[in-house]
Amino acid sequence: MTFSLDQLRRCSVAVDVGAARTRVHVKDAGLLVDAPSVVAVNTLSGALIAVGASAERMEGRTPEHIRVVRPVAGGTVSDIEMAQRMLRAMLGGKVRRAWRFRPTLRAAACVPHDAGPLARRAAIETLVGVGARRVELVDAPTAAGIGCGLPVEQPEATMILVCGATTTQVAVLALGAVVAAATVPMGGDTIHTALVQHLRNEHEIVLLNQAVRPLHLALHGAASGAAGPTEVHGRDVVTGLSRTVWIDPGEVRATIQAPLTGLVDAIRSVLHRCPPDLVADLADRGMVLAGGTALLPGLDSRLRASTGMAVHVTEDPAGCAVRGLAAMIEGRVRPLAATARA
């Protein structure tokens, strides 16, 4: 593999700091943190007001002196200081004090497959700031593939789509490494933005944050043709008063065609760059969807219809990456050479 399994087995902590949620798995203790990657800060005093779900509920509802920050964007840390403060608050004092007495504490973390030196450095500095003495980085598609139970260490092709909040990583894996990959700016937040912009332009209504969820559910009806119009509440652009509109599921589906078209083009591009023998493997096996946006209703059927490949949504797709890291630090993944000797 492109990373060292021996070094990963020495790690005690697996961290997946995503744009939507942060997950921390501790060896022999399990998953300790699974919370939104959001912090609320008082800009006057600099004090941390809330972290995780409580900070997420404040978004769009705060006075001027309170700022809601998302320190991770596109799978990489964009604000190192805020990311460190967020992790410290999520882990709690008891865990941090326990780590302080371990001078050789090592951590494993996910980064996008195309992360540059600055993005990798930001991930390392974030974990060093909360007590890690050494940080091992693993590309997210490989970690997610292992978390899905795919045989990524074998000389067989596996295709995985890591559908995050802001980006989707498309990768073909073989022998524990990425053979071909691409990143598309399409995720849950992209769908959210497209729907909000469409309703503002076509219906002159500003959508509330919680009003997007019914539209996501309407996508399933658009795919099956079994649902009627969906009622959404928002603020009128002209009057500023509350207003209700009815949205047809077909209209919702048409709105997100542009982001999904980019994703389909990326899948085809990755397949074109793969050796023919690996593409033959994928014809039988298909692709696997991981990440939180993999649960978007109708996404699997849309990809199946556009590519002609089998599409599988793994169980608990949002936690695949941290599960894969946990399997590596706990020694449940063996390199191909060890498998052959066995």
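State in Å² the accessible area per residue of the chain; use a 1.4 Å probe, count heavy atoms of protein chains only, and round to the nearest integer.
Spelled out: the 1.4 Å probe surface of the chain, per residue, equals 46 Å².
Quick one: order His272, His312, His65 from most to least accessible surface, probe 1.4 Å.
Putting His272, His312, His65 in descending order of accessible area: His272, His312, His65.
By accessible area of protein heavy atoms, probe 1.4 Å, what ranking do Ile191, Ile124 get, highest first?
Result of the area sort, largest leading: Ile124, Ile191.
Classify the chain from the C-alpha gyration tensor, please: rounded if a/c falls under 1.5, else prolate or oblate depending on whether a/b exceeds b/c.
Because a/c hits 1.5 or more and a/b fails to exceed b/c, the chain counts as oblate.
What order do Thr166, Thr142 take when sorted by accessible area (1.4 Å probe), most exposed first?
Greatest to least solvent exposure: Thr166, Thr142.
I'd like to verify something in the chain: which complete DSSP H helices, judged by Cα projection on the helix axis, reach 20 Å or more and average at least 0.0 on the Kyte-Doolittle scale?
257-272
Over region 105-181, what is the percentage of antiparallel beta bridges among all DSSP beta bridges, to the nearest 5?
60 percent
Counting only protein heavy atoms and a 1.4 Å probe, tell me what percentage of the chain's accessible area is made up of carbon and sulfur.
Looking at the chain in its full context, I get 52 percent from C and S.
Quick check on the chain: of the DSSP beta bridges with both residues there, what percent are antiparallel, nearest 5%?
About 70 percent, rounded to the nearest 5.
Hand me the GluC sites (Glu not before Pro) from region 47-92 located in a DSSP loop with no more than 11 other Cβ atoms within 10 Å, in residue order please.
Those that pass, being in a loop and sparsely packed, are Glu64.
The values are calculated or read from the model by the stated rules, or taken from the named source; none is laboratory data. Bear in mind the structure is a predicted one, so any value in this text is a computation, not a measurement. Glycine gets a Cβ as well: all are built from the backbone with ideal geometry, and neighbour counts include every protein chain shown. Side chains are part of the model used for accessible areas, which takes the heavy atoms of the whole protein and leaves out ligands, DNA and RNA. Shrake-Rupley method; radii C 1.70, N 1.55, O 1.52, S 1.80 Å.
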